[in-house]
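Before any comments, here is the structure.
The values are calculated or read from the model by the stated rules, or taken from the named source; none is laboratory data. All values reported here derive from a predicted model rather than from experimental measurement. Cβ placement follows ideal geometry from the backbone for every residue including glycine, while neighbour counts extend to all protein chains displayed. Ligands, DNA and RNA are stripped out before the accessible areas are found, and what is left, the full protein with its side chains, is counted by its heavy atoms. Shrake-Rupley method; radii C 1.70, N 1.55, O 1.52, S 1.80 Å.
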Amino acid sequence: MASADANEPLLTRSVNPPCNKNDLKRRKLCHSRSAPIDFVPLEKKEAGLIQRSNSIFGTLNLGFGSVILLLVIYLGVGCICFYLVKDQIRGIRTNRLLDALYFCVVTMTTVGYGDLVPDSVASKLLACVFVFTGMALVGIILSKSADYFIEKQEVMLVKALHIRQKVGELEIIKDIQSNKVRYKFLCASILLVILITVGTVFLIKVEKLSIVDAIYCVCSTITTLGYGDKSFSTEAGRIFAVIWILTSTVCLAQFFLYLAELNTERRQQYLVKWVLSRRMTAADLEAADLDDDGTVVAAEFVIYKLKEMGKITQEDISLVMEEFEALDVDQSGTLSASDLMLAHCSQT
């Protein structure tokens with residue numbers, strides 16, 4: 001036992017503390033609890049977040065910059081194009097440049113009120129191009145922007161929930177990770193309510209619509225129905241609409257996405273509880289016996305339970321076994337440092 005510990009890499013022992021050496025059956029699994037990670041001192045954390053390699057916040061931060069750039073390019077090109085064909089678009093006019101930007105936003109979000117419509121072959125073809133590129137921009141890129149914004153609000157929400165408790169940064173991160181979908185759904189719900197309220201109040205105060213008509217216009221807009229009988233017809237209204245339509249339509253899409261994810265997560269949790277609570281039978285033991293030796297070791301039991309929970313599939317196991325067999329150069333059924341060196345040398 002001492003020699004085994006001596007040969008064990010120091011980093012692995014520092015990350016995964018040694019298990020109870022009297023429990024040999026559990027020892028194999030304890031040594032593979034987690035991969036080695038880089039230790040980050042608490043003093044080097046910023047803004048209450050753990051500094052991690054390939055952090056989701058870092059990735060989304062870069063993506064957010066790309067989103068802004070692509071959105072500005074799209075709106076800029078669209079604004080110029082529709083301004084050039086302004087005389088070929090009929091409908092309620094305000095400011096020519098503002099109308100072009102407003103028409104571009106209404107087109108890309110597929111709201112399509114009908115208060116401004118193409119009235120020539122060139123303008124119709126131009127609208128067709130921009131509606132498809134706009135849908136791609138909204139569906140692929142702006143959703144990342146919304147997700148990034150909700151991630152930021154998610155951290156603030158968790159801190160607010162624990163404001164009266166002495167909770168450290170690690171506990172906040174763990175809470176976010178364990179309840180990630182629920183917090184995202186809650187943030188999206190709050191943001192959606194705010195956007196609906198702001199849009200309704202604005203339509204009542206600026207566009208002079210009744211309460212019912214304002215709610216009706218808001219609902220038809222954020223769902224991209226855009227009936228067209230009620231829309232933004234003033235200059236101030238269209239300035240507001242350029243920002244509000246983009247944020248509200250994307251927020252509603254994210255709301256339903258998180259709702260579906262939350263429902264799937266709850267079903268998965270129910271399945272996990274059912275798998276862990278039901279009694280094992282002789283048929284289960286036979287199915288869990290992967291090597292057909294008449295006994296089920298801890299590793300076989302864990303794999304069988306994970307398959308029942310739907311967390312892994314037989315295909316996943318086969319892929320992992322293929323990698324294991326490729327690394328097991330001497331075909332001893334175990335991996336050692338010499339196996340890894342030989343495997344790496346053969347690949348180079």
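Annotations
- Search result, residues across the range 302-325 that are of a type in the set (Gly, Ala, Ser) and surrounded by 12 or more Cβ atoms within 10 Å (Cβ to Cβ): Gly310
- Cβ-Cβ under 8 Å pairs, at least 6 apart or on other chains, the range 204-220 side closer than 18 Å to Thr234 by Cα and open to solvent by less than 50 Å² (accessible area, probe 1.4 Å), far side hydroxyl-bearing (Ser, Thr, Tyr) and assigned to a helix (DSSP H, G or I): Ala214/Thr200; Val218/Thr200; Val218/Ser248
- Leu306 being under 30 Å from Thr264 (Cβ atoms), hydrophobic (A, V, I, L, M, F, W, C) and not in a helix (DSSP H, G or I): no
- Inspection of the range 310-333 finds no residue satisfying the criterion of being in contact (Cβ under 8 Å) with a residue 24 or more places away in the chain, assigned to a helix (DSSP H, G or I) and not basic (Lys, Arg).
- Evaluation of Ile243 against (1) modelled with pLDDT of 90 or more; (2) open to solvent by less than 10 Å² (accessible area, probe 1.4 Å); (3) within 25 Å of the chain's Cα centre (by Cα) (one fails), failing number: (2)
- Selected residue (criterion: most open to solvent (accessible area, probe 1.4 Å)) from residues of the range 334-348 that are assigned to a helix (DSSP H, G or I) and over 19 Å from Val320 (Cβ atoms): Met341
- Test: residue in the range 198-211 that is at pLDDT 95 or above, of a type in the set (Val, Ile, Thr) and within 18 Å of Val250 (Cβ to Cβ): yes
- Residue list for the range 272-301, restricted to those being open to solvent by 60 Å² or more (accessible area, probe 1.4 Å) and among the aliphatic types (A, V, I, L, M): Leu276, Met280, Ala282, Ala283, Leu285, Leu290, Val297
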